[in-house]
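Engineer: Take a look at this one; I'll ask things after.
Rule-based calculations on the coordinates, nothing more; no lab input. Quantities reported herein were computed from a predicted structural model and do not represent experimental measurements. Glycine gets a Cβ as well: all are built from the backbone with ideal geometry, and neighbour counts include every protein chain shown.
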């Protein structure tokens, strides 16, 4: 499952890159191209929306795939914030554990607005 999540994270980061890319890249992205990246983007949204441990594992994969430390803030203000906002009470012990174990997760958590 980790390989699948890492591949999903790579596609999500490609979507982020396209969203900030050249005019042509942004236009293609707005039209859902490339289709595999758009499908991955939607899958990330579904996993985050469903919450639970799978959503946290996805967040960890996104952090592993981050192109740089600035990406931690993107994950924190995006998918992680959605998970914490919707499911934070249920996941509090696991969130605490991850924050203690992972500097990247801790940095991402610092970007969550409640």
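Engineer: Given Cα pairs under 8 Å that are at least 6 residues apart, what percent is the relative contact order of the chain?
Structural biologist: 25 percent
Engineer: Ok, one more. To the nearest 10 degrees, how steeply does helix 52-64 sit against the main Cα axis of the chain, on a 0 to 90 scale?
Structural biologist: 60 degrees
Engineer: May I ask you to derive the FRET efficiency for residue 96 and residue 42 from their Cβ-Cβ distance with R0 = 22 Å, giving the value to the nearest 0.05? Display every interim value, and only then the final one.
Structural biologist: Details: r = 30 Å, r/R0 = 1.37.
Once rounded, the FRET efficiency stands at 0.15.
Engineer: Under a plain spin-label model, where a point goes 7 Å from the Cα along Cα-to-Cβ, how far apart in nm are residue 23 and residue 68?
Structural biologist: Rounded to a tenth, the inter-label distance reads 2.5 nm.
Engineer: Using only Cα atoms and rounding to the nearest 10 degrees, what angle (0 to 90) does helix 35-50 make with the longest principal axis of the chain?
Structural biologist: Tilt of helix 35-50: around 20 degrees.
Engineer: Using helices alone, what [θ] at 222 nm do you get for the chain, with -39,500 (n - 2.57) per DSSP H run of 4 or more residues, divided over all residues and rounded to the nearest 500?
Structural biologist: Using -39500 (n - 2.57) per qualifying helix, the result is -24500 deg cm²/dmol.
Engineer: Would you kindly calculate the translational diffusion coefficient of segment 59-114, applying Stokes-Einstein with the Kirkwood radius from alpha carbon pairs, for 20 °C and a viscosity of 1.002 mPa s, and quote it in µm² s⁻¹ without decimals?
Structural biologist: Using the Kirkwood radius from Cα pairs, D works out to 197 µm²/s.
Engineer: Principal axis lengths of segment 1-46 from Cα atoms, whole Å, largest first?
Structural biologist: Here the Cα extents, ordered largest to smallest, are 35, 15, 14 Å.
Engineer: For the residues 44, 112, 59, what sequence is obtained by ranking on other C-beta atoms within 10 Å, fewest first?
Structural biologist: With the sparsest Cβ surroundings first, the list reads 112, 44, 59.
Engineer: Relative contact order, percent, of segment 1-55 when contacts are C-alpha pairs under 8 Å separated by at least 6 residues?
Structural biologist: Relative contact order for segment 1-55 comes out at 31 percent.
Engineer: Also, quick follow-up: Calculate how steeply helix 81-101 sits against the longest principal axis of the alpha-carbon atoms of the chain, using the helix alpha-carbon long axis, and give the answer as 0 to 90 degrees to the nearest 10.
Structural biologist: Tilt of helix 81-101: around 60 degrees.
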